[in-house]
Amino acid sequence: MNSKIGDLKIRQAILDMDAYLPPLESRDPEKHLLMDFNESPVPPQEKVIQAVSDFLSRRAHVYPAYHGFLKTLSDYTGVAENQLILSNGSDQGIEFILRCFLEHGDELVMAQPGFAMFQQVASSLGAKVAGPSFPESMEFPAEAFKQSVGPATRLLVLINPNNPTGTSISQEVIRDVLENFPNLPVLVDEAYFEFSRQTAAGLLDAFPNLIILRTFSKALALPSLRLGYVMAHPELIQQFSKIRGPFDVNAAAVVAAKVQLENPQEWRSLTRHLMDEVKPAVETFFRENQVRFHPSSANFMLVEVKDAKEAVEYLKSKGILVRLMHPPLENSFRMSLRRMPEMEQFMSIFKAFLDKRAG
């Protein structure tokens, strides 16, 4: 290594990694229609803004405490407080779960492609990500998933619904995995639970190897404040608490999340609007224009077009940002759902691109 830090010994696992750098530069919600990161199309409700402002004026100078919020979260999830631990975004939840179970040379099994943070954290530990690829239909490859489990496997990951494909995993498949591998931890990532309304939480008491991960970054509209949580057996929660720092979670995020959970009418209405009204309308538009898309139970869709890069650039030139995918999802982009007037704007502009390409 020819650099000013050349004599410092950096772990080989880190040297071998690529940085995970999502394309966040130049995103401006005042100038762009943001459809690239699966965010809420609107800010949190005014009650949240006021509560955070009040908190910052009175409590920002003291260290955070979370116990009161765990009661609210317990009521929301239906699981006991000692089955919950907060995280600094779900990314930190992924980090302390993987650090708890994986060592150098171990394997994590998940269907691929999946959320990039699993690969990122596993690589930092010198562990490998294995598992089957999604078929062309994007259905979850349940049998191939089980067959991928080998002697080096130390953790199984089920992303439900999967990001970026939008694929759902049935509760029967999740139960089957839990039953077949009782001595392996099974992490179910439910980042989009509020949209899909699918959860394995009812299986927690029956399967002590089940771990569930969720976030406040999607339906609950708090990605900048960084808050997630993990549900698991109390003994696992105790182990995770040894890894997460005692003050890692932003107290302002907890204040905001408490107000969101106690006043769910606005964000629940928005999620139903996106899933029950917007998504069917966009699906109809794609069918009518012979554009292939994959069914999704989340607030985003994976769209296939022959000239995906050109389509993404065209949309960007019109002020709309979507996420270009890379192999094995070449010729695809992922797009988040927004409210109907904004989606009508997207459909009009995308139709102009299709007409331009056809002409």
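Restricting attention to the range 89-120, and to residues there that are surrounded by fewer than 21 Cβ atoms within 10 Å (Cβ to Cβ) and in contact with a Gly (Cβ under 6 Å, 6 or more places away or on another chain), which single residue is farthest from PRO246 (Cα to Cα)?
Among those that are surrounded by fewer than 21 Cβ atoms within 10 Å (Cβ to Cβ) and in contact with a Gly (Cβ under 6 Å, 6 or more places away or on another chain), it is GLN112.
Answer yes or no as to whether ALA256 is touching a residue at least 12 places away in the same chain (Cβ under 8 Å) and not in a loop (DSSP other than H, G, I, E, B).
Spelling it out, ALA256 is indeed touching a residue at least 12 places away in the same chain (Cβ under 8 Å) and not in a loop (DSSP other than H, G, I, E, B).
What residue, among those in the range 319-344 that are part of a loop (DSSP other than H, G, I, E, B) and closer than 12 Å to LEU34 by Cα, is farthest from the chain's Cα centre (by Cα)?
GLY319
Out of (1) over 25 Å from ARG214 (Cβ atoms); (2) in the same structural domain as GLY126 (by TED's automatic domain parsing); (3) touching a helix residue (DSSP H, G or I) at 6+ places or on another chain (Cβ under 9 Å), the odd one out for LEU33 is which?
Here LEU33 meets the rest and fails (2).
What are the pairs, 6+ residues apart or on separate chains, where a residue within the range 231-253 that is in a loop (DSSP other than H, G, I, E, B) has its Cβ under 8 Å from a residue that is surrounded by fewer than 12 Cβ atoms within 10 Å (Cβ to Cβ)?
Correct list of pairs: PHE247/TYR63.
Is at least one residue of the range 169-182 under 25 Å from PHE37 (Cα atoms), modelled with pLDDT of 95 or more and touching a helix residue (DSSP H, G or I) at 6+ places or on another chain (Cβ under 7 Å)?
no
Filtering the range 157-207 down to residues that are in contact with a strand residue (DSSP E or B) (Cβ under 9 Å, 6 or more places away or on another chain) and polar (S, T, N, Q), which residue is surrounded by the fewest Cβ atoms within 10 Å (Cβ to Cβ)?
This residue is THR199.
Test SER40 against the stated conditions and say whether it is among the hydroxyl-bearing types (Ser, Thr, Tyr), in a loop (DSSP other than H, G, I, E, B) and buried (at least 17 other Cβ atoms within 10 Å of the Cβ).
Judged against the criteria, SER40 is a match.
Which residue, of PHE140, PHE96, is of a type in the set (Phe, Trp, Tyr) and in a helix (DSSP H, G or I)?
Going through PHE140, PHE96 in turn, just one is of a type in the set (Phe, Trp, Tyr) and in a helix (DSSP H, G or I): PHE96.
Is one or more of the residues making up the range 187-201 touching a His at 6+ places or on another chain (Cβ under 9 Å) and closer than 23 Å to ARG334 by Cα?
Looking through the range 187-201, none of the residues is touching a His at 6+ places or on another chain (Cβ under 9 Å) and closer than 23 Å to ARG334 by Cα.
Can you list residue pairs whose Cβ atoms sit under 6 Å apart, with the first residue in the range 124-144 being within 13 Å of THR165 (Cα to Cα) and the second being part of a loop (DSSP other than H, G, I, E, B) and not acidic (Asp, Glu)? Count only pairs 6 or more apart in sequence or on different chains.
PHE134/ALA111; PHE134/THR165; MET138/THR165; MET138/THR167; PHE140/THR167; PHE140/ILE169; PRO141/ALA111; PRO141/PRO132
Quick one: which of LYS356, LYS351 is at pLDDT below 95 and of a type in the set (D, E, K, R)?
Exactly one residue qualifies, and that residue is LYS356.
Pull up the range 259-289, narrow it to residues that are in a helix (DSSP H, G or I) and either modelled with pLDDT under 95 or of a type in the set (S, T, N, Q) (or both), then point me to the one that is farthest from ILE49 (Cα to Cα).
Filtering first and then ranking leaves THR284.
The values are calculated or read from the model by the stated rules, or taken from the named source; none is laboratory data. What you see is a predicted model, and the numbers here were worked out from it, not measured in a lab. Don't worry about glycine lacking a Cβ; one is built from the backbone with ideal geometry, like all the others, and counts go over all protein chains shown.
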